[in-house]
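**Student:** Can you read through this structure? Questions will come right after.
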Amino acid sequence: MAPIDTARTAMSERAVTGHGVPPIRATIIGAGGLGGPIAMCLGAAGIELTIVDHDVVEASNLHRQVHFTVDDIGSEKAPLLAKAVMAGGSAMGRGGTIDPNTVGAMGRGGTIDPNTVGAMGRGGAIGPNAVGAKARGVVARWRPEDADDHTSDADLVIDASDDPQTKFAVSDWAVANGRRYVIASALRYGGNVMAGAPGYACYRCLFEEPAVAEEAPSCADAGVLGPVVGAIGGIAAAVALGLAHEDRTYAGALLVFDDLRAIAEPRIVRFAARATCPACARAPISPFTDRAPVRIAEGNT
């Protein structure tokens, strides 16, 4: 028998189980209707989360923030959502790889693991085969001058806020610090998701400046259909997972969902870096490359 290559065996085990693989970390700004599904999806995928939100749960939030209940009214959103993420647990190992001992609530061979319901055991205890999700809540308004306190170790930054100024600040910070990022928005019956990565056009390349309040009403002002934030949040989480694992299919593109009541297919808007973009001028990896100088391309491409 050939001698066992212990180093190769260890590498293979790490690749399958995630043991020894550094965790992927993400900061989510906003714990509301978008932040909730994004956090639950990423936490279940094994990504370590920091959730930043300064607000508290209000009764008017509940139709679109289904991760909260009436018992949560008046409580701070960020730690509540972090607690929900950890309670949900994860079937993934570190680095977002599947733990071979846990498949949701199923054991090997597709049978129910009697010790695991979701990632929780009976009575709310962590099952022996489950991998605990990791999340922490930070009760604060995300500001670039404070970002090093809770975002400096993030591999990925996701904006799920309801504030145009914050969205631009998150994008600018991510571009300046060479981080991958996702900007998600929802309003009325639709929304959009933008993916960014080093070397690609940024959020400011397309929108240039934050809209004034009269031009960009918030969900509180204009309303949003409850299921819409869940759908947009799910898309944002999927795009974020792709970026986390170096899939840049949608980097430098905006996925636009005009009206989810009528059509679920997005318009994909691809755009080149704007020559006068001040954010890209400070980027450690320049987006000004030999890519085709297309500013906007409509349609499912």
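**Student:** From VAL175, VAL170, which residue is farther than 25 Å from ASP55 by Cα and assigned to a helix (DSSP H, G or I)?
**Tutor:** VAL175
**Student:** Sort through LEU81, LEU42 and tell me the only one that's assigned to a helix (DSSP H, G or I), farther than 16 Å from SER161 by Cα and not aromatic (Phe, Trp, Tyr).
**Tutor:** LEU42
**Student:** Here's something else I'd like to know. Being among the charged types (D, E, K, R) and modelled with pLDDT under 95 is the filter here, so list the residues in segment 1-51 that pass it.
**Tutor:** Listed by number, the residues that qualify are ASP5, ARG8, GLU13, ARG14.
**Student:** Here's a follow-up. ALA216 passes all but one of (1) of a type outside the set (Phe, Trp, Tyr); (2) touching a helix residue (DSSP H, G or I) at 6+ places or on another chain (Cβ under 6 Å); (3) within 15 Å of GLN65 (Cα to Cα); (4) at pLDDT below 90; which number fails?
**Tutor:** Only one criterion is unmet by ALA216, namely (3).
**Student:** Scan (1) under 25 Å from GLY32 (Cα atoms); (2) surrounded by 20 or more Cβ atoms within 10 Å (Cβ to Cβ) for the single condition ALA273 breaks and write down its number.
**Tutor:** The number of the failed condition is (1).
**Student:** Follow-up question, since we're still on this one. Do we find a residue being farther than 22 Å from PRO79 by Cα and outside any strand (DSSP E or B) anywhere in segment 179-191?
**Tutor:** yes
**Student:** For residues in segment 59-78 being modelled with pLDDT of 95 or more and part of a loop (DSSP other than H, G, I, E, B), which is surrounded by the most Cβ atoms within 10 Å (Cβ to Cβ)?
**Tutor:** Per the stated criteria, the residue is ILE73.
The values are calculated or read from the model by the stated rules, or taken from the named source; none is laboratory data. Only a predicted model underlies this, so the values are computations on that prediction, with no experimental measurement involved. Heads up, the Cβs are rebuilt from the backbone with ideal geometry, glycines too, and the neighbour counts pull from every protein chain shown.
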